[in-house]
Amino acid sequence: MNSSLNQGRESTMPVYRISIEELRMDMHECPGAFVSCIDPRFLSADYKFARHSLWPGQDFDHIKLPGAGINFLKNPNRDMLIAVIRDVCMKLHHIKDLAVVNHWDCGAYGYSRNFASAEAEEKRHVTDLAIVHAILQKEFPELKIIVGYSKLMPHGLEYHLLQDIDLEKVA
Ligand SMILES: [Zn+2]
């Protein structure tokens, strides 16, 4: 029964095709790696942000794990992430930048309801990301480390990147 079902599907389902030009098969290098959360609510938003603000019009290594930056603060994911960034993103794809972006209402942080206020939620991300920045700067001194978070505002989702002054305050 299954085989006849599959045969039917094969004959009627349209083939989804990407043009060779769009694939850019010769582009095996990219300017940066982007670590963001697996949350599907932010899938296209994060991608648009990276393509617009981090590496305009360019593709990048997109690493998605629940909680994004929180993975650098604890094992076992930390060692795996560092190894992928070093062995694949740096050695094979020759990245120059490494960006880590957390997001509002993240399940890995217990969602927004886990915080007493929006300020408390923001402070937690800023604190964590400053620590992540210090860890990554030490681990990868040759890379430009970018950390930030997206915040839900009444008019939409805003991306904030931590500036040097934010990093100094927390360090
Ligand atoms: Zn999340």
Using just the helices of the chain, give the 222 nm mean residue ellipticity in deg cm²/dmol: DSSP H runs with n ≥ 4 each add -39,500 (n - 2.57), and the total is spread over all residues, rounded to 500. -10000 deg cm²/dmol
Two-site FRET efficiency, S53 against S117, from Cβ-Cβ distance with R₀ of 25 Å, rounded to 0.05: 0.35
Students often forget the sequence filter, so: which lysines lie under 28 Å Cα-Cα from K138 once same-chain residues fewer than 8 apart are removed? K64, K74, K91, K96, K123, K151, K169
Using modelled backbone amide H atoms (1.01 Å from N, in-plane), which distant-in-sequence or interchain residues come within less than 5 Å of V100's amide H? V35, I146, V147, G148
What is the antiparallel percent of DSSP beta bridges lying wholly in the chain, to the nearest 5? 30 percent
Check C106: other-chain or 5+ apart residues with amide H under 5 Å from its amide H, H built from backbone geometry? Y111, S112
Can you give the FRET efficiency for H160 and A134, using 1/(1 + (r/R0)^6), R0 = 22 Å, r = Cβ-Cβ distance, to the nearest 0.05? 0.75
Note to self: C-alpha centroids of region 85-99 and region 115-171 sit apart, in Å, by 21 Å
Can you tell me the FRET efficiency between K64 and H94 if r is taken as the Cβ-Cβ distance and R0 is 35 Å, rounded to the nearest 0.05? 0.95
Kindly write out, for region 42-48 in residue order, the coupling ³J(HN,Hα) from the Karplus curve 6.51 cos²θ - 1.76 cosθ + 1.60 (θ = phi - 60°), rounded to whole Hz, with x marking Gly and Pro. 10, 4, 6, 4, 4, 5, 4
Normalised by the residues of the chain, what does the relative contact order come to in percent, with Cα pairs under 8 Å and at least six apart? 21 percent
Computed on alpha carbon atoms, what radius of gyration and Dmax characterise the chain, expressed in Å? 19.0, 65
Filtered GluC sites (Glu not before Pro), region 64-145: DSSP coil and at most 12 other beta carbons within 10 Å: E142
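Read-outs: derived from the displayed coordinates by stated rules, not from any lab. Keep in mind that what you see is a predicted model, and the values were worked out from it rather than measured. Neighbour counts are summed over all protein chains in view; Cβ atoms, including those assigned to glycine, are modelled from backbone coordinates with ideal geometry.
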